[in-house]
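Presented below is the structure to which this report refers.
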Amino acid sequence: MSQEEVSLEARLEEQEAFEPPESFVEQANVADPSIYEEFEENWPECWERAADLLSWEEEYDTVLEDGDAPFYEWFTGGELNASYNCLDRHVEDGAKNRAAIKWEGELGETRTYTYGELLNEVEAFAATLRDLGVEEDDVVTLYMPMIPELPVAMLACARIGAPHSVVFAGFSADALATRMNAADSEYLVTCDGYYRRGDALDHISKANEGLEGVEHEVSDVVVVDRLGDALSHSLGDNQHDYDELVEEHEGASVDPVSRDAEDMLFLMYTSGTTGEPKGVKHTTGGYLAYTAWTSHSVLDIKPEDTYWCSADIGWITGHSYIVYGPLALGTTTMMYEGTPDYPEKDRLWEIVEKNRVDVFYTAPTAIRAFMKWGSQYPEEHDLSSLRLLGTVGEPINPRAWKWYYKHIGDEECPIVDTWWQTETGGMMITTLPAINTMKPGSAGPPLPGISAKVVDAEGEEVSAGKAGYVTVDKPWPGMLRTLYKNDERFIEEYWDEYSDEEADEWVYFPEDGAKIDDDGYITILGRVDDVINVSGHRLGTMEIESAVVGVEGVAEAAVVGGDHDVKGEAVYVYAIPEDGYEGNDELGERVIEGVVDAIGPIARPEEVIFTPELPKTRSGKIMRRLLEDIASGNELGDTSTLRNPEVVDDIEEQVAGD
Ligand code: WT7
């Protein structure tokens, strides 16, 4: 580094607050700070601003219906169709030749769908689904990687009022079966395979294996041929080729069905404290209004932009901020099939340069990987088209924030650190990029109209600097409405902790720890339940534990998250071998395999530690905190209250020994 660069680094390191550049403020969608007051004074009618970004077939009568809280309803009486809002209205407005989706395949192929073309294909596929027998309110499962047919299928479902349930392509066959069973889903759209680091990956075998685990009859399966000759596959009895069906239905016109604002748009399964994934239900009006509003106000998306969120559509980030929010605003949204280091570690920057990307949204884990690879990769490219950067999924450490700010944004792009969840539908806590000062590491204040607080165990707001729990004590349009067919669990999981049912005061509990500064900025500290966050992906420790104890030779296990410098957290398994088995490498390998088979490669354990006993309290509870500290290499606190303190040294030695 030159002398000049060294002093620049030093200055950045010390700087704790950053102002949005004037050039950004001048052009921003939302730049007037009075928005906070406006929303506060005019709540809940303020949310009309979000609803106004959509085209309603039938105007709503009431903004918020809270008579049956916490089963809130938004924009009641309103009717609309999400696919109409994402496609037809832009075509009618003269944007038929604007790119809607620009796709980059891993091997370098590209495909562009204009709004006109996307609408045609969505209509053809919607007609296909209807012909196969899909009716309004039937759940269609989509088990697909990052190929354009995934958003096509989502919008085709939305067009005919069939909720989709997207299962992340990296999830296992078991995970697919569990989700199809839970949703009673009789239709599946999948593909033969896709590319990962240049290799053709077989996906259809996994899909077929998953189908074997579905307990009800599956009516039809549609298979996209992504790989052509690179992978031959044969279709089963009720399986159809996507291209053939779409060709047959080319030119079909399918009227978008009118959906009630509260009708389900989709289901998304996510991990919780118990082993059973939760089917988060999102609705048509509130969700779409909320994702359009946050895409407009936080991501500052304009129709003429090329916008890129590098998440996978299989997670909520991709649903809200690759598909629904950006397309509702009529912008060009990018999709990339592959990994950021293929063929080289500059792949993302090459895509940004080539497509002149304006707004880029990614996860801290990716930024930490870029940092590790070095700034020479972005430096090889012209990134001057970028106007705004965003992060999501996990806390971002100030060092990674500053690296992103300097090496990707050239100190000219604001960064939004957006805290939200599958359940919230869209962003909740973040700065507004043209209005607030940025403080690296702190997500920012709650968005206008969002009543997020940091409270102690009793529900009292904590004082500045103290740690507590995030709560939200007013509803918002993008919130989940319930857990699919499980209202009881919905209440238990999210509302029991802090609500006063008698007083009809309902408080949403996201299960995140946080602290608040005296200026109201919230710093998220991480999950307080048994959920771990690996590379911004949420995994339930109980799901992993049940996979581990399912492995022959394992008697008992505890799974925890330990610190990891790129992934944020990594999976650590502590296991007790069964009598007659030895805790050796072979068993360790089988444990890893068992977890990957049950959940998918994202849950692959970092380490499997065998121990004759797990540290337990006198009452027999496993001391998870202690296991987390051991995995993270932290100082251990007092272990004398354990029933079996002697096991701790033993375990520590093993972990340190590797
Ligand atoms: C959990 C939700 C939101 C879409 C991706 C993950 C953590 C999310 C941040 C952030 C700190 C964050 C929380 C949250 N999280 N964004 N900006 N700073 N933590 O969605 O799988 O539902 O996970 O991700 O712990 O509860 P998800």
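Just so you know, all these numbers are worked out from the coordinates, no wet-lab data involved. Here the structure is a predicted model, which is why all the values come from computation and not from measurement. Cβ: placed from backbone, ideal geometry, glycine included. Neighbour counts: every protein chain shown.
Quick one: check the C-alpha center-to-center distance for segment 533-589 versus segment 18-54, whole angstrom.
45 Å
How do the peptides 241-251, 274-284, 319-329 rank, highest first, by the average count of neighbouring beta carbon atoms within 10 Å per residue?
Packing order, densest peptide first, comes out as 319-329, 274-284, 241-251.
Which of the trypsin sites (Lys or Arg not before Pro) across segment 594-658 are loop residues per DSSP, with 13 or fewer other Cβ within 10 Å?
Counting only loop positions with at most 13 other Cβ atoms within 10 Å, the trypsin sites (Lys or Arg not before Pro) in segment 594-658 are ARG618, LYS621.
Could you point to the residue in CYS86, PRO477, ALA230 farthest towards the positive end of the chain's charge dipole, with +1 and -1 charges on the Cβ of Lys/Arg and Asp/Glu respectively?
The Cα lying farthest towards the positive end belongs to ALA230.
Could you check the spin-label model distance between TRP373 and ASP518? Points 7 Å from the Cα along Cα→Cβ, value in nm.
Here the modelled spin labels are 4.3 nm apart.
Please list the non-local residues whose amide H lies under 5 Å from the amide H of LEU142, H modeled 1.01 Å from N, same-chain partners needing a gap of 5 or more.
Result for LEU142 returns SER165, VAL166, VAL167, VAL189.
Counting only residues 5 or more places away or on other chains, whose amide H sits under 5 Å from the amide H of LEU525 once H atoms are built in the peptide plane?
GLY513, ALA514, LYS515
Got a sec? Charge dipole of segment 530-657, +1 on Cβ for Lys and Arg, -1 for Asp and Glu; which of LEU539, ASN644, ASN634 is way out at the positive end?
The listed residue farthest towards the positive side: LEU539.
Using a Förster distance of 51 angstrom, determine the FRET efficiency expected from the C-beta separation of GLU488 and VAL6, and round it to 0.05.
On the way: r = 60 Å, r/R0 = 1.17.
Rounded to the nearest 0.05, the efficiency is 0.30.
Find which of THR76, ILE602, SER205 sits farthest along the positive direction of the dipole of the chain, computed with +1 on the beta-carbon of Lys and Arg, -1 on that of Asp and Glu, about the Cα centre.
The residue sitting farthest along the positive end of the dipole is ILE602.
Give, in nm to one decimal, the length gained when the segment between SER640 and SER205 is fully stretched (0.36 nm per residue of separation minus the Cα-Cα distance).
Numbers: separation 435, 0.36 × 435 = 156.60 nm, distance 5.10 nm.
Result: 151.5 nm gained on full extension.
Can you compute 3J(HN,Hα) from phi for each residue in segment 613-622, using the Karplus curve 6.51 cos²θ - 1.76 cosθ + 1.60 with θ = phi - 60°, rounded to whole Hz and x for Gly and Pro?
3J(HN,Hα) across segment 613-622, in whole Hz: 8, 9, x, 10, 6, 4, 8, x, 8, 5.
I need the shape label for segment 608-658. Rule: rounded when a/c is under 1.5, else prolate if a/b > b/c, else oblate, with a, b, c from the alpha carbon gyration tensor.
Taking the square roots of the gyration eigenvalues as a ≥ b ≥ c, segment 608-658 is prolate.
Give me the dipole magnitude in Debye, nearest 20, for segment 580-658 about the Cα centre, with unit charges on the beta carbon: positive for Lys and Arg, negative for Asp and Glu.
About 620 debye.
With a point put 7 Å past each Cα toward its Cβ, work out how far SER55 is from ASN97 in nm, to one decimal.
The two pseudo-label positions are separated by 2.0 nm.
Could you tell me the calculated FRET efficiency between GLU501 and GLU45, based on Cβ-Cβ distance and R0 = 30 angstrom, to the nearest 0.05?
So the FRET efficiency works out to roughly 0.65.
Under the classification rounded if a/c is under 1.5, otherwise prolate if a/b is larger than b/c and oblate if not, where does segment 500-567 fall, given a ≥ b ≥ c as square roots of the Cα gyration tensor eigenvalues?
Cα axes put segment 500-567 in the oblate bin.
Ranked by Cβ crowding within 10 angstrom, fewest neighbours first, how are GLU502, GLU45 ordered?
Arranged by neighbour count, lowest to highest, GLU502, GLU45 become GLU502, GLU45.
Dipole size in debye (nearest 20) for the chain around its Cα centre, Lys and Arg Cβ +1, Asp and Glu Cβ -1?
Numbers: 47 positive and 137 negative charges, 261 e Å.
I would put it at about 1260 debye.
Over the chain, what is the percentage of antiparallel beta bridges among all DSSP beta bridges, to the nearest 5? Spell out each step's value before the answer.
Details: 58 of 95 bridges.
In the chain, approximately 60 percent of DSSP beta bridges are antiparallel ones.
Using the Karplus curve 6.51 cos²θ - 1.76 cosθ + 1.60 with θ = phi - 60°, work out ³J(HN,Hα) for each residue of segment 264-280 in order, rounded to whole Hz, and write x for Gly and Pro.
Calculated HN-Hα couplings, in order: 5, 8, 7, 10, 9, 7, 9, 7, x, 6, 8, x, 7, x, 9, x, 6 Hz.
Check which residues have an amide H placed less than 5 Å from CYS309's amide H, if you skip close sequence neighbours.
MET334, TYR361
Set the Förster radius R0 to 25 Å, insert the Cβ-Cβ distance between ASP229 and ARG604 as r into 1/(1 + (r/R0)^6), and round the FRET efficiency to 0.05. All intermediate terms of the calculation are to be shown ahead of the outcome.
Values: r = 30 Å, r/R0 = 1.22.
The pair ASP229/ARG604 has a calculated efficiency of 0.25.
For the peptides 164-172, 286-294, 511-519, what is the packing order when you average, over each peptide's residues, the other Cβ atoms within 10 Å and list the highest mean first?
Packing proxy ranking, top to bottom: 286-294, 164-172, 511-519.
Mind checking the full-extension length gain between THR617 and THR112? Use 0.36 nm per residue of separation minus the Cα-Cα distance, one decimal, nm.
Length difference between fully extended and current span is 175.9 nm.
For the chain, rounded, prolate or oblate, judged on the Cα gyration tensor with a ≥ b ≥ c (square roots of eigenvalues), a/c < 1.5 rounded, else prolate if a/b > b/c? Don't skip to the answer; put the middle values down first.
On the way: a/c = 1.32, a/b = 1.14, b/c = 1.16.
Since a/c stays below 1.5, the shape of the chain is classed as rounded.
Between LEU525 and GLU215, what length in nm is gained on full extension when 0.36 nm per residue of separation is reduced by their alpha carbon distance?
Gain in length upon complete extension: 107.6 nm.
Per DSSP H run of n ≥ 4, the term is -39500 (n - 2.57); total these for the chain, divide by its residue number, and report the mean residue ellipticity at 222 nm rounded to 500 deg cm²/dmol. Walk me through the numbers on the way to the answer.
On the way: 20 runs with 183 residues, N = 658.
For the chain, the value works out to -8000 deg cm²/dmol.
Based on alpha-carbon centroids, what's the gap between segment 403-451 and segment 61-126 in Å, whole number please?
Using only Cα atoms to place each centre, the spacing works out to 25 Å.
Once you compute Rg and the Kirkwood Rh from C-alpha atoms, what is the Rg to Rh ratio for segment 530-657?
On the way: Rg = 13.7 Å, Rh = 14.6 Å.
With Rh from the inverse mean 1/r over Cα pairs, Rg/Rh is 0.94.
Label-point separation (nm) for GLU14 and LYS406, each offset 7 Å from Cα along Cα-to-Cβ?
1.4 nm
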